[in-house]
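The values are calculated or read from the model by the stated rules, or taken from the named source; none is laboratory data. Remember, predicted model here, so these are calculated numbers, not experimental data. Here Cβ is always computed from backbone atoms with ideal geometry, including for glycine, and neighbour counts include all displayed protein chains. Just so you know, the surface numbers come from the protein's heavy atoms only, side chains and all, with ligands and any DNA or RNA stripped out. Shrake-Rupley method; radii C 1.70, N 1.55, O 1.52, S 1.80 Å.
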Amino acid sequence: HGPGGHSKGETMNTSTTRRMLVTTSIALLTVLLAASAIAEVHYVSWVPTDDACVDSAFPSANYGTSINLYAGDRTPAGGGTCLIFLQFDISDLTPDNTILNAELLLRKHEKYGAPETQIPVSCHAITAPGWSENAITWNAPPAYASAATATVTSTFIPPGWVSWNVTADVIADHMQNR
């Protein structure tokens with residue numbers, strides 16, 4: 001889990017070849033678990049302990065207290081490329097929990113750009129846990145995997161939910177910290 005019992009988390013990247021921006025105000029990590037000691041399967045959900053976005057046009061700015069998270073291209077609005085960083089505390093998973101599925105869900109709040117345009121949004125595992133939403137900037141982000149865990153291509157027309165399968169990342173984090 002890293003310092004403070006936090007999961008490594010995820011970062012969201014978008015293609016910068018299209019002028020598109022997706023905003024969200026709600027994020028969840030939902031995990032389907034099977035407990036080996038008890039013959040039951042159930043879902044568990046977490047909200048982020050830390051969530052923030054960073055903007056390449058304002059590389060020293062911190063948006064940790066913002067109520068919205070932005071992913072994509074904000075150049076039409078005077079911004080730059082935006083990334084979302086999320087951190088979850090999954091320390092209540094026990095060694096006997098078997099993770100069957102894990103989904104990162106974001107609630108689509110707004111979208112700027114042509115509504116019919118398809119845009120890819122990728123999810124990457126954060127490899128340096130323990131970062132703070134009040135300190136993160138474009139110039140000082142936590143390290144994250146270069147390979148995407150999952151990519152969803154959609155029009156991202158709000159309202160609604162979008163999900164990425166992050167099972168491998170959650171299992172790896174859980175196995176590392178048993």
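Here are the numbers for the structure shown:
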| item | result |
| --- | --- |
| Extension gain (nm, one decimal) between Asp96 and Ile171, 0.36 nm per residue minus Cα-Cα | 25.8 nm |
| Ser146 accessible area, 1.4 Å probe, all protein chains in place, Å² to nearest 10 | 120 Å² |
| Pairwise label distance in nanometres, Val47 with Thr127, each label 7 Å out on the Cα-Cβ vector | 3.2 nm |
| Accessible surface ranking that places the most exposed of Ser122, Ser56 first, with a 1.4 angstrom probe | Ser56, Ser122 |
| Gyration tensor verdict on the range 44-178 (Cα atoms; rounded if a/c is under 1.5, prolate if a/b is larger than b/c, oblate otherwise) | oblate |
| Listed residues Trp161, Trp131, Trp138 arranged by accessible area, highest first, probe 1.4 Å | Trp161, Trp138, Trp131 |
| Cut-off 10 Å between beta-carbons: net charge of the residues surrounding Thr49, Lys and Arg +1, Asp and Glu -1 | -4 |
